[in-house]
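Single-structure report; data block below.
Bear in mind these aren't lab numbers, they're just calculated from the coordinates by the rules spelled out. As the structure is a prediction and not an experimental result, all values here were calculated from the model. Virtual Cβ from ideal backbone geometry, glycine too; neighbours counted across all protein chains shown.
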Amino acid sequence: DSGVTQTPKHLITATGQRVTLRCSPRSGDLSVYWYQQSLDQGLQFLIQYYNGEERAKGNILERFSAQQFPDLHSELNLSSLELGDSALYFCASSGVSSYNEQFFGPGTRLTVL
Amino acid sequence: EDQVTQSPEALRLQEGESSSLNCSYTVSGLRGLFWYRQDPGKGPEFLFTLYSAGEEKEKERLKATLTKKESFLHITAPKPEDSATYLCAVPSMNRDDKIIFGKGTRLHILP
């Protein structure tokens, strides 16, 4: 158990809909990272927050957004969903920066029908 | 451009047959290299961090080593439960705070 929690575990929705994925980092970790992993694809970095502020952005679509709240939990919002958005979405947390190893949550499996 | 390349893409070994996985990187000023294990449908599990050339770390049947250009994950006398995808990652040297992951090596240990 990494100490990072993600909800829900599974999400099935239809094209055009909007969903919110939630992540709670390990106790004491200030950084939260979001990744997308499609079938047989590598981990694609989406976005990072540090202590409530956006710190780094990867290949995140404009239809996707995220935020980190004062209690350090984070939410990833996916809107106008397309079939190609079906994937595993992972959240990871770390200490101060990418110098520190990241600890991953169990993921949310999103299926868009 | 910062890049991480892992080889081979896939590896099938017999139980007990030792081998090594490779991770080569092209980032200037390495600030650490991470190894992870990922089981299908699960989140990556942190294994090791290496910071400087010559450093080695061990955990059960796994040993990670680091040179100036690459890292190796040596697997000694593997068991079927070692079957997984092994990922390596390095922090980006850009002003952002990203970690760059390799595509991984899918390891399958046959009983």
- Item | Dipole magnitude of the range B:4-110, debye to nearest 20 (Cβ charges: Lys/Arg +1, Asp/Glu -1, about Cα centre) | 280
- Can you tell me which of A:43-51, B:83-91 comes out highest on packing, and rank the rest after it, using the mean Cβ neighbours within 10 Å? B:83-91, A:43-51
- Task: Any chance you could get the radius of gyration and Dmax over the Cα atoms of the protein assembly as shown, in Å?
- Result: 17.5, 52
- Å³ per residue of the Cα convex hull, for chain A? 94
- Message: Looking at chain B only, what percent of DSSP beta bridges run antiparallel? Nearest 5 please.
- Response: 90
- Query: Which pairs in the list B:K69/B:K103; A:K57/B:K57; B:K57/B:K103; A:K9/B:K69; B:K57/B:K98; B:K68/B:K103 are over 27 Å apart, alpha-carbon to alpha-carbon?
  - Reply: A:K57/B:K57; A:K9/B:K69
- Task: Please turn the phi angles of the range A:43-58 into ³J(HN,Hα) values with the Karplus equation 6.51 cos²θ - 1.76 cosθ + 1.60 (θ = phi - 60°), one per residue in order, whole Hz, x for glycine and proline.
- Result: 6, 9, 5, 9, 6, 10, 10, 10, 6, x, 10, 5, 10, 8, 10, x
- Note on the structure: chain B, Gaussian network, Cα under 10 Å: of B:E15, B:E81, B:E58, the residue fluctuating most is B:E81
- Query: If you take the beta carbon distance between B:E58 and B:M93 as r and set R0 to 22 Å, what does 1/(1 + (r/R0)^6) give as a FRET efficiency, to the nearest 0.05?
  - Reply: 0.20
- Item | Computed FRET value (nearest 0.05) for A:R109 with A:N51, which takes r as the C-beta separation and R₀ as 30 Å | 0.55
- Message: Within the range A:35-70, name every residue whose backbone N is under 12 Å away from a label modeled 7 Å from Cα of A:S79 along the Cβ vector.
- Response: A:62-66
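With an 8 Å cut-off on Cα pairs and a minimum separation of 6 or more residues, tell me the relative contact order of chain B in percent.
37
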- Item | Fraction of alpha-carbon pairs over 22 Å apart in the range B:4-110 - percent | 26
